1. Is there a residue being buried (at least 24 other Cβ atoms within 10 Å of the Cβ), of a type in the set (G, A, S), within 30 Å of C:Y139 (Cβ to Cβ) and modelled with pLDDT of 95 or more anywhere in segment C:165-178?
2. When C:Y316 is evaluated against the numbered criteria (1) surrounded by fewer than 23 Cβ atoms within 10 Å (Cβ to Cβ); (2) of a type in the set (S, T, Y); (3) outside any loop (DSSP other than H, G, I, E, B), which criterion, by number, is the only one it fails?
3. If the Cβ limit is 6 Å and pairs must be 6+ apart or interchain, which residue in segment C:129-146 that is away from chain A (no Cβ under 14 Å) pairs with which residue that is buried (at least 22 other Cβ atoms within 10 Å of the Cβ) and at pLDDT below 95?
4. Any residue at all in segment B:69-83 that's within 14 Å of chain A (Cβ to nearest Cβ), buried (at least 16 other Cβ atoms within 10 Å of the Cβ) and under 25 Å from the mean Cα position of the chain (by Cα)?
5. Taking the condition aliphatic (A, V, I, L, M) and in contact with a strand residue (DSSP E or B) (Cβ under 7 Å, 6 or more places away or on another chain), does C:A134 pass?
6. May I ask you to verify whether B:G159 is crowded, with 24+ Cβ neighbours inside 10 Å, within 12 Å of another protein chain (Cβ to nearest Cβ), farther than 24 Å from A:M239 by Cβ and not charged (D, E, K, R)?
7. Quick check on my filter: what residues within segment B:296-333 are within 8 Å of chain C (Cβ to nearest Cβ), farther than 19 Å from A:P312 by Cα and either polar (S, T, N, Q) or in contact (Cβ under 8 Å) with a residue 12 or more places away in the chain (or both)?
8. Kindly indicate which of A:D284, A:D248 is free of Cβ contacts under 8 Å to residues at least 60 places away in the same chain, of a type in the set (D, E), part of a loop (DSSP other than H, G, I, E, B) and facing chain C (nearest Cβ under 9 Å).
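The values are calculated or read from the model by the stated rules, or taken from the named source; none is laboratory data. Bear in mind that the values here come from a model prediction, so they are computed numbers and not experimental data. With ideal geometry, Cβ positions are generated from the backbone for all residues, glycine too; neighbour counts draw on all protein chains shown.
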Amino acid sequence: MQIAAKEIANMLGGSLEGDGDAVISKPGKIEEGGAGTLTFLANPKYESFAYTTEAAALLVQKDFQPSMPVAAKALIRVEDVYDAVRKLLEKFGEERESPTGVSDKAFVHPDAVLAAGVSIGVFSVIEEGARIGAGTLIYPQVFIGKGAIIGKGCVLHPGVKVFHACEIGDNCILQANVVIGSDGFGFAPQQDGSYKKIPQIGNVILEDNIEIGANTTIDRATMGSTVIRQGVKLDNLIMVAHNVEIGDHTVVAAQAGFAGSTKIGRYCRIGGQAGFVGHISVADHTQVQAQSGVAAPVKEKGVALYGSPAIPYKDYLRSYAVFKKLPDLLRKIRELEKKINP
Amino acid sequence: MQIAAKEIANMLGGSLEGDGDAVISKPGKIEEGGAGTLTFLANPKYESFAYTTEAAALLVQKDFQPSMPVAAKALIRVEDVYDAVRKLLEKFGEERESPTGVSDKAFVHPDAVLAAGVSIGVFSVIEEGARIGAGTLIYPQVFIGKGAIIGKGCVLHPGVKVFHACEIGDNCILQANVVIGSDGFGFAPQQDGSYKKIPQIGNVILEDNIEIGANTTIDRATMGSTVIRQGVKLDNLIMVAHNVEIGDHTVVAAQAGFAGSTKIGRYCRIGGQAGFVGHISVADHTQVQAQSGVAAPVKEKGVALYGSPAIPYKDYLRSYAVFKKLPDLLRKIRELEKKINP
Amino acid sequence: MQIAAKEIANMLGGSLEGDGDAVISKPGKIEEGGAGTLTFLANPKYESFAYTTEAAALLVQKDFQPSMPVAAKALIRVEDVYDAVRKLLEKFGEERESPTGVSDKAFVHPDAVLAAGVSIGVFSVIEEGARIGAGTLIYPQVFIGKGAIIGKGCVLHPGVKVFHACEIGDNCILQANVVIGSDGFGFAPQQDGSYKKIPQIGNVILEDNIEIGANTTIDRATMGSTVIRQGVKLDNLIMVAHNVEIGDHTVVAAQAGFAGSTKIGRYCRIGGQAGFVGHISVADHTQVQAQSGVAAPVKEKGVALYGSPAIPYKDYLRSYAVFKKLPDLLRKIRELEKKINP
C-alpha cells in the first residue's frame, strides 16, 4: 500500500505540516522507522528520535511543541495519538483478510448450514449440522464438529478445532490451533487406585467479540456449559477447564490456567502463568499478578493479588522485600539471642 | 435423547417415587437444571435446590430424608449418587462417538495396516507401516507417522500428531492437537557457544487406558523410550520431555512440566503448572501442589509437596504463614535491637 | 540398520578391542542396553554396567581402565564419548527424514515458489506468494501463509502454521503444531471497559539454525518484527509475544513465556516455566532458573537469577533456606520479646 501523508492526515482528521505528498508505505516504531514509514511519538522519552528519524511522516499529539526542527518530511497533529495509530493499523491491516469463498478442497457436510459470504479454507472440515454465520472466515485445516454453531463475522485461523455442540457468538477471533470443546478432565477414582472417565457431555459457549490466542484450550463442561462472556480476550497457551466461567471484558495473559468450575468476574486483568484453583468465585475488577496462584475465593471487587498462594499485591511485595533480607535477619536474631542468653 | 424416569431408575437399579413417565432429555447440575433435566443431589449444601428445582427427575442417595416436598416430578434413590451420575453421563454421551469407516478423503498409505472397524477421518494421514487396532476411531486431520502402532479401541481427536515408531496401547484417548513423539530437546554445546542437535532416535510408548489432554506434548526419547504407564491421565498443555517415565495411574493437572529423564512413580497426583527438574525419581503416591517446583528426588512414598523448590506441604504453608507477617517481624527485631543495644 | 562394530570404530576414528564383527542394530543407554545394542560409558557412576551389559559394543573414553573384564563383545575407545554418541545418533537417525517430493494431495498456490528438492506433504497448504527454499521438507498438514518465506534445508513437522509475511531462515526445524505469526495480544482499552483490537501488521523473523519445540507459539509484531536470532533453541509450549527479540544461541526450556517487546540477550539459558515481563532488556549470558519471574531489566552479563520476582540465584537460595525455618524464627523472636518485655 502506498499512501500520501495528506490522505493520512485527512483520514485521521489531523492537521498537516510539511510535505503532504510524502509517500508512506507502512507504519513503524519511532526508534526503527526508516524511509517511507509513518511513525508516531506518544511517549515523551522517545522525543529525540523526532529530530533524527528518516520517516516520511510523524504523528504527534495536537499540542506537541518541538524543541528543534522535526526530521520527518511531514508532521501530522491529532487529538489522540494512540487511537490514531490503531486506526492506521486497521487501514494497513485490512488487506490481510479477504474472503475466498468455500474451497472445493474443504469438506462441508451436506447438512451443515453456511450463511451468506462464508469462506471455508482448504482441508477444513465442517461436520453435520454445524452452522456458520454470515461473513465468517474459516482458514484452512479448521475442524468444526457436529452441530457446532459459529456466529457472524468470525475469523477462525488455521488448525482451530471447535468440537460438537459448542457455540461461538459474533465477531470472535480464534488464533491458530485453538481447541474449543475438548473433554473436561474428569475421572472417578476407583477402589484399586485406577480412574474411570466421566463423560463430558456439556459444551463451550463463547459470547460475542471474543479473541482467543494460539494453542489455547477451552474444555467442554461435564454438564451444562463452560462460558466465556462477551469481550473477553485470552492470550496464547491458556487452559480453561470444564465448567469455568469468565466474565465480560476480562483480559488474560499467556499461559494462565483456570481449574474446573471456577468463576471469574468481569473486567478482571490476569497476568501470564497465573493459576486458579477450581470451584472458587473471583470478584469483578480483580487484578492478578503474573505467576500468582489464586487458591481462595476473592470476594471484594478491585483487589490486586500476587504470590502463590496469592495475597494482596502490596503485602506480597512488602513481605518479599524482607524475604530478600532473611539471612541477615537470621543473623540478627542469633546475635540477640547470644546477648540475652549469653 | 428422550427417556422416561422409570427407565432411568431401572437402568440404575434405583427405586422410584413420583411420576415415572416424566421425560428426561439431558442431565444437569441441580443449581442449573431446568425443565426436562435429570439432576442430582450429592453435596448436602445444595439440598435447598431439591425443593425448588424444575427438573424432571432428581437422583438422591438411598437414605435421603427430604425436609419438605421435593419439587422434581420424579425422585430416584440409588446406592451411590456419584457412580449413578457417571453411568448416566455415559448413557447420554454414547451417541457422540460413532464409527464412520475410512474416509476416501483421508490418506492411508498402502502399507499401513488397519484392523476391523477402524475409522479414519477426512484429511487424516496414516503413513507407511503404521498399524491401527480394531475399533479405533481417528478423527479428521490426524497424523500417524511411519511404523507407529495404535492399539484397539482408541480415540484420536482432530489434529493429533503421533510420530514415527511411537506405540500407543489399547483404549487410549488423545484429545485435540496432542503431539506424541516430537523430538526431545537435546543439543550438544559447542566451543563457540552454539549448539548442535543431538538426533532423537528413541520413541514414545503409551500403555493402555491412558488419556492425554488437548495440546499436550510428549517428546520421543534420545535413545530408548519415553514411557507413560497404564491408566495415566494427563490434562491439557502438559510437557513431557524425552526419556521421562510416568508410573501407573498417575494423574497430572494442566500445564505441568517434566524435564528430561525424570521418573515419576505410580498413583501420584500432580497439580497444575507444577514442574519437575530432570533426572530425578519421584516415589509412588507423591502429591504435588499446583505451581510447585520439584527439584530433588522424592524417596519416601506418599509425601505431599509445595513450593519452588518444593518442600513438605505443611512446612510450606507454615512458613508461608510467617512470610505474610515478615514486615511485622522485621519491625519487632528492630525494636528488640534497640532495647538491647540502646 | 545392521552394522558391525569394526565399521563403527572406523567411522568414529576409534580403536577396537574384542569382536569387530559383533552386529549392532541400535544405540542404547548402558543401564538398558540389551543384545545388539551399542552402548556407552560416559558417567563413571554407571561403570559397573560395563561388566554386566549384554550390549554388542561399548564406547568408552580413550584412557578408560576397566577394573574387571568388560562384558560387551566389543570395546571401542574414542577421544570424546559424548561427541561420538551424537555422531552415532546422526548415523542411526538419518534414515528418518527422506524427501518425498510435492504431494498431489497438497495445495500449492500457482504463485507460490518452490526451490529444487522441496517436499510438501499431504494436505499441506502453501499460499500465494510463499517461497520455500531448496531441500526444505514440509510434512503433512502444514500451513504457509501468503508471502511467507522459508529458507533452505528446513524441516516443518506436521501441523506447523507459519502466517503471512513471516520469514524463516535456513536450516530451521519447527516441531509439530508450532505457530509462527499469530496475532500479538494488543487491545486498546475503551471508556466503557471493553477493548478494541489493535491490528498486528508486523511479522516474525527467524534467522538460521533455529529449532522450535512442539506447540510453541511466536506472535507477530504489532509493527516491525518479532525476531529470533540465529542458533536459538526453544523447547515445547513456549510463548513468545509480539515484538520480542531473542538473541543468538539462547536456549529456552519448555513452557517459558516472554511478554511483549522484551529483548533477551545472546547465549542466555532460561529454565522451564520461567516468565519475563514486557519491555525489558536482559543481558547476554543470563541464566534464569526454572519458574522464575524476571520483572526488571538485567544489565550485568552472566548473572544467574531465581525467584518471582527473580533475584540473584544464590541470594534466593540463601533466603529460601531461612524461609523454611520461619516458624522457628517466629518462635525465637517471641521468646526474646518475652524475656525483654516480661
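1. First pass over segment C:165-178, keeping only residues buried (at least 24 other Cβ atoms within 10 Å of the Cβ): C:166, C:168, C:172, C:174-178.
Next cut, of a type in the set (G, A, S) only: C:176.
Applying the additional criterion that residues be within 30 Å of C:Y139 (Cβ to Cβ) yields C:176.
Still in the running and modelled with pLDDT of 95 or more: C:176.
Yes, the conditions are met somewhere in segment C:165-178.
2. Every listed condition holds for C:Y316 apart from (1).
3. Final answer for the pair search is none.
4. If we filter segment B:69-83 for residues that are within 14 Å of chain A (Cβ to nearest Cβ), which is where we start, we get B:80-83.
Cutting the leftovers down to buried (at least 16 other Cβ atoms within 10 Å of the Cβ) gives us B:81.
Then drop every residue that is not under 25 Å from the mean Cα position of the chain (by Cα), which leaves B:81.
Looking through segment B:69-83, at least one residue is within 14 Å of chain A (Cβ to nearest Cβ), buried (at least 16 other Cβ atoms within 10 Å of the Cβ) and under 25 Å from the mean Cα position of the chain (by Cα).
5. Against the criterion (aliphatic (A, V, I, L, M) and in contact with a strand residue (DSSP E or B) (Cβ under 7 Å, 6 or more places away or on another chain)), C:A134 does not qualify.
6. no
7. B:S308, B:P309 - these are the residues of segment B:296-333 that are within 8 Å of chain C (Cβ to nearest Cβ), farther than 19 Å from A:P312 by Cα and either polar (S, T, N, Q) or in contact (Cβ under 8 Å) with a residue 12 or more places away in the chain (or both).
8. Sole residue among the options that is free of Cβ contacts under 8 Å to residues at least 60 places away in the same chain, of a type in the set (D, E), part of a loop (DSSP other than H, G, I, E, B) and facing chain C (nearest Cβ under 9 Å): A:D248.
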